[in-house]
Structure formats: structure tokens, C-alpha cells
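See structure below.
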Number of protein chains: 4
Amino acid sequence: MTRHHFQPTQYANVIGTLPAVLEIASGDSVVTTTLDAAGTDHDGAQKAPRGNPMTGPFFVTGAEPGDALLVTIERMTPNRATGWTYSPLAPGVLDPAILAELPKRERHEWAIDAKAGTVKLLDPSPRIRDWSFPLAPMLGCFGVAPERGQAISTATSGAHGGNMDYRLFGPGATVAFPVQAEGGLFFLGDGHACQGDGEIAGTGVETSFEVEFRVELRKRQRLLWPRGETQTELLVIAAGRPLDQPLQFATTEMLRWIGEDLGVDAVEASHLLGQAVRYDVANVFNPAYCVACRLEKSAITQGMSLRGKG
Amino acid sequence: MTRHHFQPTQYANVIGTLPAVLEIASGDSVVTTTLDAAGTDHDGAQKAPRGNPMTGPFFVTGAEPGDALLVTIERMTPNRATGWTYSPLAPGVLDPAILAELPKRERHEWAIDAKAGTVKLLDPSPRIRDWSFPLAPMLGCFGVAPERGQAISTATSGAHGGNMDYRLFGPGATVAFPVQAEGGLFFLGDGHACQGDGEIAGTGVETSFEVEFRVELRKRQRLLWPRGETQTELLVIAAGRPLDQPLQFATTEMLRWIGEDLGVDAVEASHLLGQAVRYDVANVFNPAYCVACRLEKSAITQGMSLRGKG
Amino acid sequence: MTRHHFQPTQYANVIGTLPAVLEIASGDSVVTTTLDAAGTDHDGAQKAPRGNPMTGPFFVTGAEPGDALLVTIERMTPNRATGWTYSPLAPGVLDPAILAELPKRERHEWAIDAKAGTVKLLDPSPRIRDWSFPLAPMLGCFGVAPERGQAISTATSGAHGGNMDYRLFGPGATVAFPVQAEGGLFFLGDGHACQGDGEIAGTGVETSFEVEFRVELRKRQRLLWPRGETQTELLVIAAGRPLDQPLQFATTEMLRWIGEDLGVDAVEASHLLGQAVRYDVANVFNPAYCVACRLEKSAITQGMSLRGKG
Amino acid sequence: MTRHHFQPTQYANVIGTLPAVLEIASGDSVVTTTLDAAGTDHDGAQKAPRGNPMTGPFFVTGAEPGDALLVTIERMTPNRATGWTYSPLAPGVLDPAILAELPKRERHEWAIDAKAGTVKLLDPSPRIRDWSFPLAPMLGCFGVAPERGQAISTATSGAHGGNMDYRLFGPGATVAFPVQAEGGLFFLGDGHACQGDGEIAGTGVETSFEVEFRVELRKRQRLLWPRGETQTELLVIAAGRPLDQPLQFATTEMLRWIGEDLGVDAVEASHLLGQAVRYDVANVFNPAYCVACRLEKSAITQGMSLRGKG
């Protein structure tokens, strides 16, 4: 149950089978830092090429293909006082017929006040001077080495996780990834101070963070997609295009999870999902969109756990 | 401000420019009944062909193309003690690769206890005997006559409303429809006692209702899609396929609404949406899918209203 | 086997159960005229509102729901010397990221030379002065009244036909529509002098025509989508979004057709389609996209016919 | 202009920056062999894991990011007398509602007669005993190392090429790939003896080949997607989901190509595409679908070339 402190000196713009920066054990936690999506650190210095440079990978002793690697985000502390977004909204989330009327997308700077818990534009026009959003940190991109020895750009996502940009993946959330390579090889980065559903600006409020996470290994879980848990919710997240596809994948994996953990058949699991399912559009901007299939924790879901039935 | 009591004797399986069953004035309310999606009434008698038969249309004095017809769902009382669903889940919400493994979709009966506020399977297996869902009535299909003299099947939806199957359209919600025909011609039906996101079973818990609604006319609003309001939320709902398309339409209309009512430009409106937007998958089953673009009411959204700036 | 001459005096912007303009018998042919998509006739006079005004409907004696109405396009003669298009391409067929760089879509005029068999811009810049395209007339929008008493805008398409905008639907082609209403109620219009795949400019070269067509009734065919035949091809056309959906519908109906007419099972029919199928993107512009699933006529397909096995 | 003979001894199931098996020069040709999609060679021996194992990569002297690597498929000779497919059709190309009615997908064996130029089922039922398809070899999967040091599964495709499964990529075709890594790093495999549009069975007739190809390097072409040329056609191929997306990408790149090589603006290029474009559904089975945007060679396209204007 070691608590490691790891200061990264190099970063990766792909998630794949790369040399590990640190070996850790199931139960350990790590305090480290992440760059922003453009490769900038707490001092505003560019330390890696733009495009979600990752801290890691962390090798987890004993992790093998077929296992689940549970990662709990213990804490995310912004380590600088500014972030940035793009505006107006990304072309893909608007009616194509109006795109020609919009101004060019440009970068905007934001002030992050960790004490006050607010995120505000640095230089707003008078009419929106009072606009303020609650600080709600989340990890945009994190995951494990994918199958077949692939190395996949941190611009996109898949069964290995990656650039999911899901606003519920903040402090307190646990995500279970399907391990595909020896040691799992966990990467993280691309923190956001705040983000709506879908990452429809093409960014959250992008900034650098100090992050503490903890890992736990569960053998032979054979997950097909990442599963997650918050204080109040159970969820599966999946990736693809159009939005229909990750919704199909996430729903199918949730049906499987319900069946396995509650010991019910597909018809019974369908009753639960049909009456109680919730969907979140995690991102509708990246090359692969992500949809989360959620169930609020309740008397019915008591038997479901990221840790399996074992 | 008349409160009408209207007992339907005929129903429509399209939404279009049909002879009105009653003329009402802006501010009036109507107490009426709706059949379930299969055409069955409170006694279990089939009164119309299956496929969301509608009560209506109601002609609203003075309504003209370009106006907004606001409909508030004042009350929905189930008028029988049973409902039905299909299970397992609809093929379109699952990974096509697993469909061959699932049993055939069949009808299941549910008990609706309006006093206890619960919905339960009538004949559950022992292992799910304790499953109970909260009664949460909603109107699956309602709307106004569409443009160009069209008559559109109640299986589908569009800018006129129709079969949106959105679980937030229950008691207390107000929906503003873009009027396209003289009198607006409002239809309603297809009530559900309960339904998760997306109507992924292809049904909610389908039953018949006594419904009370109130109408309000706002001149010259030129809505492109239905807008809505609940106690805590502002929203736009749009229809299309794949899910990306109604998301684009709803986001574009919300951007327009923010701009008009808050007097901000597209860049500023994008800041709000980028950090605060929520999406709901209303239905991902019908010929046209529906997505709602939502904003929680806040200090920022105070100036926004279904009733326009006028 | 009467050859009717019908001069329209009114037009419809929906396809639905409207009063017939003429009753004809199976085997009859009709010589008539069609307006262009903007409602303009051979003299350049606007005779109906824009949006694919239709000539018809023609009532075919004895046609009942479940029958197939075969329509052969015998001849299409442009009846004026000009047509028009829009340019640049429609937003929906381009990468959303470049749309802001394109000029506004505007109307362009073309010269149609029926004798030379050419279509050319009326006022080209010097560098494209020599560009000429072969005259290849086609009907953009035609079909029969849809099911359930619907009246559907001529902007879109469905199982009833409608605005399919498929370039193979020109002289010599026969299309079999699934009859849904008494008399079938056949409508036609929206002729193009020339059009590439997908109608990606949002138009073909739009103009008015003299059209001769012939109808043939086949009882109890229970088609799910229109089927078609040219001198060298058999095809099914279907509508939906995204393109994946009409491709699925058309492939499924083609699988059914092969099974019925060749007496093979789904595995055998799949061998034929897997090795020999062709797809055409008919339109990727309208509210519903259309895809055709085609088989070149061959020794294998000899037993397949629009006229069924009866 | 060397003609290399290369006998592979190892294979790759990703396309990425791997150690080269041979360095060749622009203008050189290579005679080599490819395994079938399941990793089986001319003797039926499994030489690599299933999933499109690749021969290569070939390092092309002087190739740098921004260049175009032109690959001409000079010859494809099946080097065994059998191939295989799956049947019935892939779930993703059929209406989800009928999938439960279809038998399980199974492997079927085919006889390939290179002399007769035919492909036939090895053990057909009597009723399809006479079915025969023309031998029409094509490379299903080939391409160059992708950007950012990625290593991408040969199950899928992208701007680097990969598993495009396009039936026009057979002998005589030239494909220009955007070089992203030093030496380009060209891989090839997954030959099909025959395949319809879309690879809708999830396979062509999969077999092993002797392949001869020739490479040519063109400096600084900055292609965004692979471009291709056959004796009669010019084309761009792109990848994504749903089909709408690769159609958008391919059309956008074709618009760019026309503009660059013919010296016309976007409005003029749109006239050409609007009247003359053709689309092919290359594959609608793999994780990324591929669509080709084609123009038949004509007087208008004379100035267009894979080799650029230089």
C-alpha cells in the first residue's frame, strides 16, 4: 500500500506498449502531475508536443490480459491559475447549414480559483462579466495499453480508455479498465477544470494538475469496455461513431454486467434497463465519440460491483 | 380561462391538418383521456388501431404559423391499474453481433399502483420479485400539425413534436411547439407510467391516462424545434438520425435561444454551453431519434424564457 | 392499353391520399408534364410553390394495399432549354471543419441542348468554358401514397418512394412501388437533366419535362421497399439516415427478393450478395438519404423479376 | 529500378513504425507473397496470428512525412486453389430487426481456378451448383505507417490506408499514400480472390497470393487521404463511421485535388462533382468503413494526376 510520488520527465502522445516509468503494486497510490492538452505545465512551459501528452505508463505488478485494472481518482488539484478553451462550438455539434455564419474558432483564457471553486473567463465582455462556473475537475484522457500491441493516438478512445472526455471521471470516481498487456500500463493526462456534456467546445477548461490515483487489480474479469463507479452511480463507457454505436456497445456491456452480478437473464436485465437507464454523451467531438450507460445505485443494483462476484 | 372536459370518441394515427375536435382559447385548460400505444382504454377495450392513437386535435383560437403554442402538462393520472412493455431490449440499442443470442421480444404486463407510486411486473420470477420502479408519468407522443399540410405517422417525430418519448415531458413540464397550421391543432397520447432514457425497450410502461393540460399562445416566436421548461431545466428537443443529428439540431436551436434571450453572441453563448450543457437521449428507438439539449436554471439563464423577450 | 394525355392544372407538395387527377388502368400509359423543383414550367412561369411540386395523383384501377405498382419511365424530354443547380456542394457532404471556408451557396443557370445531348453552364468562366456533361434525364421524386393515411413532404422519401433523387431512374427504368392506399395514387415530378451520385450539390440540373410513363399492376407482392429494373440491373432502393440505414434496409429487401425468386436460403443468397453486390448512393442530401442495392443481370439472376413468381 | 524478390519470414498484425524487412528505392518493384486474413499461406500452414497479418514493412529510401508514396499493384496471382468466406451476411449490413431469424455465421470454402478465372463454392447445394463468380483479385489491407508513431490494428483503416477492403484495388491500380514516417514503411496483405461492394459478408474470398508491386516517391504532396487511379478512374478513399463520414472526407479531398490540379475554385469544382461524381462503398464491415469518391477519366479530368502538378 505504498504512496508513490512520481515526477514525470517525459510524456507520450500515444497509449501503447511503451517502457514503464514506474512499477507499482495493487493497492498502491501515486501522486503525480499532468500537463494540459497542449503540453504545458504548471509554469506555462511547454514540456511535450500538443495533443494530450500522457504521464506514464505505470506498470502494475501481476496485471495480465483478461484482468481488470481499477483506477480510483483520489484527488485532482489544478496546479496553475489559468486554463483555456476554444469557442465557438465545434463544427460537428451544430447544424452544418449554419456553420458558414459562425466566426473562426479561437482560444480563450480562463481564471481558475481553486479556493473559491470557480472558473471564469479572464477577459469577459461586460454583458457576461458575472458568468461563473463551478470548478469540477476531471481527467479527459486516461487508460491502459490496448490489445495486439497497438499504440493509439491520445486524440481518440477505445476499449482501452483513452480520450473519453467524460465529466464524471473526476475525484471519487473509480474506473475498471480491461487489461490487454503485461502490467496493464496505465497512462493519464488531459485534465479539465470544468466541462459540459459532450466536450462540445472541443475542449474543457484545459489546465495542468496534481493528481493522486490508486490502483487495484482484479484477476480474470474479461471486461469488454471500461466500467465505472461514482458515489451514486454505476456505469459503462464505450467509444465509436456515430453516437448510436457507443450507446449500443455500452448498453450491451451493461446488460452483461447486470446478468453476471445479479444472476438474471437478458429479459430481466432488460426490465431494469428499460425503466431505469440513463445515458450521458461523454464526448461528441473526438475521432471516437463516447457514451456512458448509467444506473443510479439502488436496492436493485446492490449486488453489482466493479470488483466482480469473485 | 375555461377548464374544458373533453371525452374523445375518435382518435388519429397521424398528426396533421385534421378536423378539430374542440376549439379552445389561449389560457384554457382541458381535462381529457388518452389511450395506450396499442389503442386500449381504461377498461382494456381497444378503441383505435395500434400505433399511438391520438386524442385531438384541439384548435387554439388565433394560432397562426410562426407562433409558439405552449402546452403545460398539468396532471397525468393513470386510469387503469396495468401497463405493458416489451423485452428484451430493442435490437437497435444493442451490438448487432449479439442479437442472434437473445430471445424473441415479447409483451410483459405490469401493475401500476398510483397510490403507492410504484410500477412492478405483474408476474416476476422469484429472483426479481422485489424489483419496483417509481411511478413517473410522461406523455410519449404529442404535438401540433406539421408544415406543408403534411400528415405524419404517430410512430415518428419532427419539428412538430410527435413521438418524442422523452421522460421529462411529465406533469409540470411546459413545451413550446412551433405552430405551422391555423389553430395549431394539438394532439396528445401514448402515456407511459415509467420509462428510462432512450425508450430502449421500445416501450415505456404503456397505459391509458386522464390528462389535464393548459395552452398558451405566444405570437411570432419562429421556433425551429420544440423548446421546453421544467421546474429546474430549460431545454430544446429535436429529432433525426443518427443521434448526432438531433443533438446538432437541438444544440443549434439552444445557441439561438441563448443569443436571443440573453443578448450575447455565438462565442459567448458557446462559453455557456461548453461548460454547462447536458444532453438527454429521449428516444433511440423510433424512426426518428430524439435528443434534448438542457441547461439547468441558474443565475446565468435567468433571462431565458419560453415566452420570449416580448 | 390506353395512352392518356394529361395536362396538369394543379400540383401537390406532399405525397398522400389526395383526390386523383385521372383514373388509369394497368397497362395504360400517360403523357404528361412536370414542373421543376422550384415550381417552374416550360415557359419559366411559376405554377406551384417551390419544393418538388408533383403532377398527379393517378388512380390505378384495382390497386390495393399489398399490391405492387410497376411504373416504367418510357420517355423524358426536357421542355425548356435551361436548368439550374446550386454550388458549392451541400454542407452535409463535406468535412464540417472546412465549411467556414466556402462561399455562400448560390444558384447557377445551365443550358440544356436536347439535340446535342449536352448540359453546359450558361455563363462559365474561361477556364471551364469547355466543360460539358451528357444529358441524362431522371425523375428525382415520384411514388405512391404512403401507409396510414400519411401525407409526406416531397422533400423526403420512404417506402412509398418520394424524393429519392437516384440517377438510374431515367428512361427505360421500371420501379415497383408497394401500394398502401386504394388506387395506389401515383405522383411524379422533380426531373433532372443530369446528376451525379448523391445529389451532392443539393440539386441535379433542375428543369421541367414532358414525361411518358406506363403502369402495370401486380397483385399481392408485399414489397417492403421499392424495387427497380434497368436494361442491365436489378435493384432495391431504401431511405433513412445515416447512409448505413438505407443500405441495411435495401440489402435486407434484396436478400428477401433473392430468396423468394431463386428459391435459395439466406446463406446461399448471402454468397451471391457477398461476391456480386453493388451499392449506389442515390442521394446524400435530402432529409432521408437513399441507397440502392444492385445486382447486374447474369445467369444467376435470371429467375428474378419485378413481376414476382406468380 | 530493381526488381526485388522478397520471401517474408515474419508478419505484423499492426501497421506502424516497425523495423523494415527491406529497403527499396523509388521506381523499384517487389515480388513477394501474402498470407490470407487468417494467417494461412499457400500450403495451408498458419504462419501468423489471424487478423490480416501483413508482409513488410518496406522502407522506401528518401520518403519523408509530407511526401506521397505511390504503390502500383502490378500483379496478384493466387498461390493456392482455395479460399474462404463467412455467411450469412454481416449483422451490421442488415436490418437489426431480422438478425434473430438468421442462422449463425459460418465459414465456407471456395475453389479458385486461376486459369479459368473463376471462383466457385467447393460444396454447393444442387440448387446453386452452377453459380460461378469471376476471379477479380484485390488487396484488402495495405498502407503506410501512420502519424504520431501510432501502431494501428490491421482490422481497421485510416489516412494511412490499412484495411480498406476496396474491390478496385487490384492489378493495374495505383494508390498514393500520405507518408507519415521516415521511409514510409509500406505493408500489404489480406488478398481477396473476389468481393462485392462493402465486403458485406465480412470477407471476400480470402486466400494467399503472390503479389508484385512497384513504388514511386513524390515529394511534398501533403495528401490528407489516399488517392488512387485505375485505367479509367481517379479516386480518393477515406475511412470513418457512419458511411456519411468517409463520404465527407473523400469528397472534401477530391474537391481539393480538383482545385489544385485543374486550377479551379470551389464553386467550379463543385459543378464537376455535382454532375459527375460516383461513390463506392468499399467496406461497410470493418471498425472504420471506407467510401471511395470517383471520377471517370474524361476531357475535363485530363489535368489531374496522382503525381501532382510538379
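Centre-to-centre, using Cα atoms only, segment B:247-292 and segment D:50-121 are separated by 43 Å. Max-minus-min Cα coordinates of chain C on each principal axis give 58, 44, 36 Å, with the largest extent listed first.
Using helices alone, what [θ] at 222 nm do you get for chain C, with -39,500 (n - 2.57) per DSSP H run of 4 or more residues, divided over all residues and rounded to the nearest 500? Provide the component values of the computation, followed by the final result.
On the way: 2 runs with 30 residues, N = 310.
Theoretical 222 nm ellipticity from helices: -3000 deg cm²/dmol.
Between chain A and chain B, roughly 5200 Å² of accessible surface gets buried, counting both sides and using a 1.4 Å probe.
Scalar couplings 3J(HN,Hα) for segment D:251-268, obtained by applying the Karplus form with A = 6.51, B = -1.76, C = 1.60 to θ = phi - 60°, are 5, 5, 5, 5, 4, 5, 4, 4, x, 5, 7, 9, x, 10, 8, 5, 5, 5 Hz; x denotes Gly and Pro. An ellipsoid equivalent to the protein assembly as shown, defined through the eigenvalues of its Cα gyration tensor, has semi-axes of 44, 42, 30 Å when rounded to whole angstrom and sorted largest first.
With the simple spin-label model, which puts each label point 7 Å out from Cα in the Cβ direction, the C:Q10 to A:D130 separation comes to 5.7 nm. Comparing the full protein assembly with the isolated chain (1.4 Å probe, heavy atoms, ligands and nucleic acids excluded), the residues of segment B:132-154 losing at least 50 square angstrom of accessible area are B:F133, B:R148, B:Q150, B:A151.
Computed from backbone phi with θ = phi - 60° and the Karplus coefficients 6.51, -1.76 and 1.60, the 3J(HN,Hα) list for segment A:44-52 is x, 8, 7, 10, 7, x, 5, x, 6 Hz; x is used for glycine and proline.
Residues of segment D:218-241 buried by at least 10 Å² of accessible area upon assembly of all protein chains, compared with the chain on its own (1.4 Å probe): D:R241.
Counted without the sites themselves, the longest stretch of chain D free of trypsin sites (Lys or Arg not before Pro) in a DSSP loop having at most 13 other beta carbon atoms within 10 Å is D:130-219.
Antiparallel beta bridges, as assigned by DSSP with both residues in chain A, represent about 90 percent of the total such bridges.
Quotient of the Cα radius of gyration of segment C:100-153 and 2.2 N^0.38 Å, N being its number of residues: 1.79. What is the list of residues in segment D:59-90 whose amide nitrogen lies under 12 Å from a point 7 angstrom out from the Cα of D:R3, following Cα to Cβ? Under cut-off, by backbone N: D:75. A loss of 50 Å² or more of accessible area (1.4 Å probe, protein heavy atoms, ligands and nucleic acids excluded) relative to the isolated chain is seen in these residues of segment C:285-310: C:I300.
Where both partners of a DSSP beta bridge lie in segment C:1-125, what percent of those bridges are antiparallel, to the nearest 5? Walk me through the numbers before you get to the answer.
Values: 12 of 18 bridges.
Bridges in segment C:1-125 that DSSP calls antiparallel: roughly 65 percent.
Could you tell me which of the pairs B:K47/C:K219; A:K104/C:K104; A:K120/B:K297; C:K47/C:K115 are separated by over 21 angstrom between their Cα atoms in the structure shown?
Numbers: B:K47/C:K219 31 Å; A:K104/C:K104 16 Å; A:K120/B:K297 18 Å; C:K47/C:K115 27 Å.
Pairs exceeding 21 Å: B:K47/C:K219; C:K47/C:K115.
Taking amide H atoms as placed 1.01 Å from N in the peptide plane, the amide H of D:L223 has no partner under 5 Å among residues 5 or more positions away or on other chains. Distance between the modelled labels on C:E260 and D:V31, one decimal in nanometres: 5.3 nm (7 Å Cα→Cβ projection).
Debye-formula intensities of segment B:227-303, expressed as log10 I(q)/I(0) at q = 0.14, 0.27 Å⁻¹, are -0.42, -1.27 (one equal scatterer per alpha-carbon, no solvent).
Which percent, nearest 5, of DSSP beta bridges in the protein assembly as shown are antiparallel? DSSP beta bridges in the protein assembly as shown are roughly 90 percent antiparallel. Counting only protein heavy atoms and a probe of 1.4 Å, the accessible surface of segment A:176-277 is 45% carbon and sulfur. Placing C:H160, C:H5 in order of accessible area, with the largest value first and a 1.4 Å probe, yields C:H5, C:H160.
Across identical copies of the chain, B:P126 has label-point separations of 5.4, 7.5, 9.2 nm, listed in ascending order, with the point defined 7 angstrom from Cα along Cα→Cβ. Projecting label points 7 angstrom from Cα along Cα→Cβ for C:A299 and C:E182 puts them 5.0 nm apart. Per residue, the accessible area of the protein assembly as shown comes to 34 Å² when a 1.4 Å probe rolls over the protein heavy atoms. Residue-wise HN-Hα couplings along segment A:103-116, as the Karplus relation 6.51 cos²θ - 1.76 cosθ + 1.60 with θ = phi - 60° gives them from phi, are x, 4, 6, 9, 7, 10, 9, 10, 9, 10, 10, 5, 6, 6 Hz; Gly and Pro carry x.
Between copies, C:G44 shows label-point distances of 6.4, 7.1, 7.5 nm, shortest first, with the point placed 7 angstrom from Cα along Cα to C-beta. The other copies place their C:K297 label points at 3.1, 6.8, 6.8 nm from this one, listed shortest first, where each point is 7 Å from Cα along Cα→Cβ.
The values are calculated or read from the model by the stated rules, or taken from the named source; none is laboratory data. Note that this is a predicted model, so its numbers are computed, not measured. So basically every Cβ, Gly included, is an ideal-geometry build from the backbone, and we count neighbours across all protein chains shown. SASA here: full protein model, heavy atoms, side chains in, ligands and nucleic acids out. Shrake-Rupley method; radii C 1.70, N 1.55, O 1.52, S 1.80 Å.
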